[in-house]
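Taking it in order: structure first as structure tokens, then the write-up.
The values are calculated or read from the model by the stated rules, or taken from the named source; none is laboratory data. As the structure is a prediction and not an experimental result, all values here were calculated from the model. Methodologically, a virtual Cβ is constructed for each residue, glycine included, from the backbone with ideal geometry; neighbour enumeration extends over all protein chains shown. Side chains are part of the model used for accessible areas, which takes the heavy atoms of the whole protein and leaves out ligands, DNA and RNA. Shrake-Rupley method; radii C 1.70, N 1.55, O 1.52, S 1.80 Å.
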Amino acid sequence: MSLWLSGIGVSRGIGIGRVQRLHGGDLEIPEYALEPADVEHEVTRFVGAQRRAKDELRQIRSQIPGGTPGEIAAFIDTHLLMLDDRSLTEAVVTLIRGTQCNAESALKKQRDALTAVFEQMEDPYLRSRKDDVQHVSARILRILLKQDKSVPAQRTEQSEPPVIVADDLTPADIILLSQQGVAAFVTEYGGPLSHTAILARSFGIPAIAGLPGARRLLREGEQAVVDGDLGHALADPEPQALHFFEAKRARQRTDRAALTQLRDKPAISRDGVRIKLLANIEMSEDALHAADLGAEGVGLYRTEFLYLNRQDLPGEEEQYQAYARVVAAVKGPITIRTLDLGADKQVDSGSRQGPTPNNPALGLRAIRLCLKEPELFRTQARALLRASAHGAIKIMLPMISSVQEFRQAQQLIDAAAAQLRAEGHAVADQIPVGAMIEVPAAALAAPLLARHARFFSIGTNDLIQYTLAIDRVDEEVNYLYDPLHPAVLRLIRMAIEAGERAGVPVAMCGEMAGDPRHTRLLLGLGLTEFSMHPASVLEVKRIIMDSNVAELRRRAQQVLAADRMRDVQDLIAGFNHG
Ligand code: PEP
Ligand code: MG
């Protein structure tokens, strides 16, 4: 009998295949006492398993396909670091020796103790580290228990790709599974911002997350359809339903093939408006793939990923090399954002001491941290300025909330440039410095900021969080996170209008810019530069090429005038379908 299930569609497309359920973290862990003579053998067994876990992860890391967001490699690096962390590994050895228990039970005890510590943490980023402890421990446990294939063995050539159903999947699992061929993923946990979701999107595999009880409700081996657009799974479909979804899948495949034809075409609307489509990147390696996917340059390089998952801070030379690599890899313009640390992105290097703030998102973050620690900023500014000698870069300042902050940062950059020139380094004559518009204050004061900034880039991820007072990583309230809220749309329009009046170019680099459902609305609000995950560029380009911007600008006025969410939604549906 057919069964419909609903979760959150996190990666679009239709997947059809037989269900393959994966066991997750729920391993049965034996506990027994050791004879004294066996203790050292047990220690060796544990250390061997830990080494093997490291080898596996290193191998998986080397297989990450091009175009995958840099944060995925960084995520695996975190697990590699954790596998060397004394609080995990040496503590287990001490437990085996001290309590003469088997390796599995010692690891379980230490895993539970560390998880409890992370659970107590106020900071959401640190709290989420407990998942890393669990993933890493599960990897070693599976090796110890000789169940090290959470991921099934390689499929035979003929067998059809399965629908993988799991409680949760690590990035490493997803990379392995994708290489073997997967029709779709269904997980019980996670949401659109989880790593499963990010990775499934970069592999183009349909996925549903947040479907509780999926492993109980979907039976091993039965046929299932996964609709990643709508977040539905259909088990054991009737022939008619199956036919409907097969036809939908075939249409989507043809569609995707047609999209690649647009790669080298400029994004020009039907009424002749030229739009720039740029890529958001997280690591210099990502730059190489952005152009392959149709991006004309880089609109946001999130440099904080150079600082994460390590014990020390990157020096000027290391940063210079990374920026120079991006400049060498990208033909078009490159906007590099200065350090945006704080809130959900904390460094391990211990450069920040003191108590954890109650509201890190409202605290010492991004440009505030850089102005408080000018040495940190100066090192980065010098590296950026040296890289400017090799190609056209722009410097973008995150979380600007006043003219004062902008000017202070600009002065530090100017002073660094003067010093570099005095030392005999080559630095470009003109390096445009711009402001991110991601705090409501910046949008409201955009006409004043436009007197100083050479460009704006609207960061909707934070602009929405700060305008609607919704912590973007708090699962309890993220249902309120709404890019179409009238207050958000008005702030976006204000920033664009201020730019238009002052002749300051305005881009958008938040997730909203890469969401095809919002493309026409943003064109109507006057946006001419979109920066997004490279995988979305072609779809957004097709919509632009099929739009009449003058007409959309008239219709956007009605959206801005609407006071009810329903009306906003109806008007936008009209944009997209009529
Ligand atoms: C944003 O806030 O929209 C943005 C692009 O910055 P981040 O997501 O890195 O905070
Ligand atoms: Mg931001």
Margin query: Looking at the chain only, what percent of DSSP beta bridges run antiparallel? Nearest 5 please.
Written below: 35
Checklist line | Surface share of carbon and sulfur [accessible, 1.4 angstrom probe, percent] for region 493-574 | finding: 48
Margin query: Cut-off under 24 Å on the C-alpha distance; same-chain residues fewer than 8 positions from residue 248 excluded. Which lysines are left, in chain and number order?
Written below: 541
Next item on the list: Keeping every protein chain in place, order 379, 99, 196, 254 by accessible area at 1.4 Å, biggest value first, i.e. largest first.
Entry: 254, 99, 379, 196
Checklist line | Amide proton proximity set for residue 394, modelled H, under 5 Å, gap of 5+ | finding: 334, 335, 336
Check: Where Rh is the Kirkwood radius over the Cα pairs of region 272-544, the temperature 37 °C and the viscosity 0.692 mPa s, what D in µm²/s does Stokes-Einstein return?
Finding: 174
Note to self: Can you compute the radius of gyration and Dmax for region 36-145, using only the Cα atoms, both in Å?
What the structure shows: 14.9, 52
Notebook entry, point to check: Ignoring ligands, DNA and RNA, what percent of the accessible area of region 36-145 is carbon or sulfur (1.4 Å)?
Noted result: 50
Margin query: Report the gain in length on full extension from residue 240 to residue 390: 0.36 nm times residue separation, minus Cα-Cα distance, nm rounded to one decimal.
Written below: 48.0 nm
Check: Round to a whole number: what % of the accessible area of region 174-268 belongs to carbon and sulfur, probe 1.4 Å?
Finding: 56
Notebook entry, point to check: Simple spin-label model, 7 Å along Cα-to-Cβ: residue 553 to residue 2 in nm?
Noted result: 4.8
Check: For the chain, what Kirkwood radius comes out of the mean inverse Cα-Cα distance, in Å?
Finding: 25.7
Note to self: At R0 = 22 Å, how high is the FRET efficiency between residue 35 and residue 99 if r is their beta carbon distance? Nearest 0.05 is fine.
What the structure shows: 0.95
Next item on the list: Please work out the FRET efficiency for the pair residue 222 and residue 28, using the Cβ-Cβ distance as r and a Förster radius of 35 Å; give the result to the nearest 0.05.
Entry: 0.85
Next item on the list: Excluding residues fewer than 8 places away in the same chain, name every one of the aspartates and glutamates whose C-alpha is closer than 14 Å to that of residue 331.
Entry: 264, 286, 292, 296
